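**Student:** Okay, here's the structure, questions in a sec.
The values are calculated or read from the model by the stated rules, or taken from the named source; none is laboratory data. Remember, predicted model here, so these are calculated numbers, not experimental data. Glycine gets a Cβ as well: all are built from the backbone with ideal geometry, and neighbour counts include every protein chain shown.
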Amino acid sequence: MITITVDDDDVISGLHKLSDRLDDMRPVMAEIGEALREASMEAFSDQASPEGAAWRPLSPVTVARRRGTAHRILQDTGVLRQSITRDVDGPRSVVVGSRVEYAATHQFGARKGAFGRTSRGAPIPWGDIPARPFLGVSAEARSEIVDAITDWLGDVT
């Protein structure tokens, strides 16, 4: 008779450590959130989505309404850009976004009158607003996320 004994104590111990680590992923979620927030900051700098698609230029009407000669898209006052935050939301999630009321309109776009009419009957918005996505996952952020998860899981050994 042949008896084979497998000493799997190290494997079991590693799996328990991994399981414990997966119960609270807040540290790595913070890193993931920061990578996504930085991708949004770069979108404003590049005037393109985090995936690299250039934003549609400002309309001549919008340019005429702007102050001065700087006509950076979505950056008239800087409020939207400065509003991008990341919040670790529980042990296994992170939320990246903006609480500015018009953020979704710029992210997804809106058709003229999509939000109803003013008390004087004018459409809201007064014209079509093209989507100019500023939230998303850039190639650099994707790489940083994979590295953060790999490093974080590598600490289990």
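Residue-wise test of (1) surrounded by 15 or more Cβ atoms within 10 Å (Cβ to Cβ); (2) modelled with pLDDT of 95 or more.
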{"site": "38", "(1), (2)": "yes, yes"}
{"site": "54", "(1), (2)": "no, yes"}
{"site": "68", "(1), (2)": "no, no"}
{"site": "73", "(1), (2)": "yes, no"}
{"site": "90", "(1), (2)": "no, no"}
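**Student:** Considering only residues that are acidic (Asp, Glu) and in a helix (DSSP H, G or I), look in the stretch 3-27 and name the one that is farthest from the chain's Cα centre (by Cα).
**Tutor:** Checked the stretch 3-27; the qualifying residue farthest from the chain's Cα centre (by Cα) is 9.
**Student:** How many residues are in a loop (DSSP other than H, G, I, E, B), surrounded by 15 or more Cβ atoms within 10 Å (Cβ to Cβ) and over 20 Å from the mean Cα position of the chain (by Cα) if we restrict to the stretch 117-134?
**Tutor:** Qualifying residue count for the region: 1.
**Student:** Turning to a different aspect of this structure: Taking residue 137 as the residue in question, decide whether it is surrounded by 13 or more Cβ atoms within 10 Å (Cβ to Cβ), assigned to a loop (DSSP other than H, G, I, E, B) and under 20 Å from the mean Cα position of the chain (by Cα).
**Tutor:** Yes, satisfied.
**Student:** Which one of 30, 35 is assigned to a helix (DSSP H, G or I) and in contact with an Asp or Glu (Cβ under 6 Å, 6 or more places away or on another chain)?
**Tutor:** Result of the check over 30, 35: 35.
**Student:** I would also like to ask the following. Restricting attention to the stretch 75-88, and to residues there that are in a loop (DSSP other than H, G, I, E, B) and either without any contact (Cβ under 8 Å) to a residue 12 or more places away in the chain or over 18 Å from the mean Cα position of the chain (by Cα) (or both), which single residue is surrounded by the most Cβ atoms within 10 Å (Cβ to Cβ)?
**Tutor:** 76
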